[in-house]
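Notes follow once the structure below has been shown.
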Amino acid sequence: MEAANEHNDSHLTHRKSSFIEPHDLAIEVAPSSSQTTNLEHATISKEHTGTVTSSIINLSNTILGAGMLAMPAAFANVGLLGGIFLVTYSGFMSGAGLYLLSLAAKQVGHRSTSFFSVSQITYPQASLYVDLAIAIKCFGVSISYLIIIGDLMPQVLAYFNVPEASIFMDRKTWITLFMTFIIPLSFLKKLDSLRYTSSVALGSVFYVLLVVIFNMFNTSIEFPDWSEIRLLHFDMNFFSILPVFVFGFTCHQNIFSIFNELQDNAQTKINSVIKGSIFNGLAVYQAIGALGYITFGNSVKSNILSMYQNSPIITFGRLAVVFLVLFSYPLQVHPCRACVLKIVSGYKAFFGSYAPVGDGDVENNSQPNQQISPATDDSHTLFNIITICIIFFGYLISISVSQLDLVLSFVGSTGSTAISFILPGIFYLKISSQLKRIVYGFLVMILCLTFNFRKLLVY
């Protein structure tokens, strides 16, 4: 028993030491404790520059995306009050998952916490599942971006009176054309130059919100009769549309980055970030979902922007969303590829131990000091093959599937649900010894698993 404990201690020590950066080593060998303190303070001040406000903006930007375009159609499937309830419920449960992950990060203790590092000190064998969940989620989101491009670009050209018979009015044409921009960007190992500021991205989101609100007063739109607006609706489609609500609040892959970068990552500060971000998501989703459903009734499509008649305001909104998802696509390929690389490179044998190579958050997997595999030509070949597969299969699916809500349902019922509900509960159950919070972790996990099993029964 003592030998086993010593082995575990050495394992944890080894894991923690892998997060030590060169500047940390310099601090440790400083000759004076006062000098060490000063150096540590300088390092923290330089690297951990996040504030509560900037963190709320970043996390809100992660939440608000393609899901908002499908929210009115989701409301149409469950009714007005049903949609309001499910948005609120999904937001609350997502916030609970974020809270559990922040508590798990506190238990880990260092400033390089990630899903991978938490899984390594809780369930090392589950690292495969963690990487798989993130890969599925990111791959699905990348497909939804291509579908949005295919839906919106023909409508942008329709404003300029391009004939319907033109090849440029075919959604497949635009998905194919935009791939010429997407492919070279997706092979980049560093994507910092492609990252829009979160404030600009949120500007596009709130522009769409203003478009939906503005068209509530557009007399040229033939509004459905109030008798057609269902307050509550329940059928077997409920379990296929529920993941759309779950998908909308999935931002958990970024909570560890925020924890690592905050100047003051006390639990009260983290809680403020979680509450502010979830509130922003609730406000936007409730408004777009409810107002979009009231505007078009049960005939609303899975992309709300495709429902409006052409006008300069609507055309600009469509174009803004197109370019937003265009430059966001490589940011989804990047973590997806990193996770697949870990799975392929780390799974040594069929019954062998899973030992993913590299560490850090999915967004940081391109750091120069990360070793994907030994520095051989094979590693570069594998990198290229995986990138090609992600792009190629995503392209095939996007030109074959035109329903945005169908893709979001699949992503929401698999990767998003795992990241939002299952993993937070499992991680915190393992790390924490406090019974009250363990019970709550079980609640989060059981609710999620129940919905997933029902989803499987539907399909």
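The values are calculated or read from the model by the stated rules, or taken from the named source; none is laboratory data. Computed from a predicted model, the values in this text were never measured in an experiment. Ideal geometry is used to build each Cβ from the backbone, glycine not excepted, and the neighbour counts take in all protein chains shown.
Could you please let me know if Ile149 is more than 21 Å from Gly67 (Cβ to Cβ) and in contact (Cβ under 8 Å) with a residue 12 or more places away in the chain? No; evaluated as a whole, the condition is false for this residue. Ala283 satisfies every condition listed in (1) more than 14 Å from Leu210 (Cα to Cα); (2) free of Cβ contacts under 8 Å to residues at least 60 places away in the same chain except (1).
Reported count of residues in the stretch 295-328, each being within 22 Å of Phe247 (Cα to Cα) and β-branched (Val, Ile, Thr), is 5. For the stretch 128-135, the criterion of being more than 23 Å from the chain's Cα centre (by Cα) and at pLDDT below 80 is met by none of the residues. Going by the conditions given, is Thr219 on the phi < 0 side of the Ramachandran plot, without any contact (Cβ under 8 Å) to a residue 24 or more places away in the chain and assigned to a loop (DSSP other than H, G, I, E, B)? So Thr219 passes the test.
Residues that are within 20 Å of Gly248 (Cα to Cα) and at pLDDT 85 or above are absent from the stretch 305-312 altogether.
When the stretch 85-111 is limited to residues that are small (Gly, Ala, Ser) and out of contact with any Gly (no Cβ under 7 Å at 6 or more places or on another chain), the one that is modelled with the highest pLDDT turns out to be Gly95. Filtering the stretch 136-167 to residues that are modelled with pLDDT under 90, over 17 Å from Ile314 (Cα atoms) and not β-branched (Val, Ile, Thr) leaves Lys137, Cys138, Phe139, Gly140, Ser142, Ser144, Tyr145, Pro163, Glu164, Ala165, Ser166. Those helices (runs of 4 or more DSSP H) of the stretch 52-127 in which 2 or more residues are closer than 24 Å to Cys339 by Cβ and under 15 Å from the mean Cα position of the chain (by Cα) occupy 52-63, 80-108.
A single entry from Val273, Val284, Val322 fulfils the requirement of being more than 19 Å from Gly91 (Cα to Cα) and among the hydrophobic types (A, V, I, L, M, F, W, C): Val322. The set of residues in the stretch 203-230 that are among the hydroxyl-bearing types (Ser, Thr, Tyr) and either surrounded by 15 or more Cβ atoms within 10 Å (Cβ to Cβ) or modelled with pLDDT of 85 or more (or both) comprises Ser204, Tyr207.
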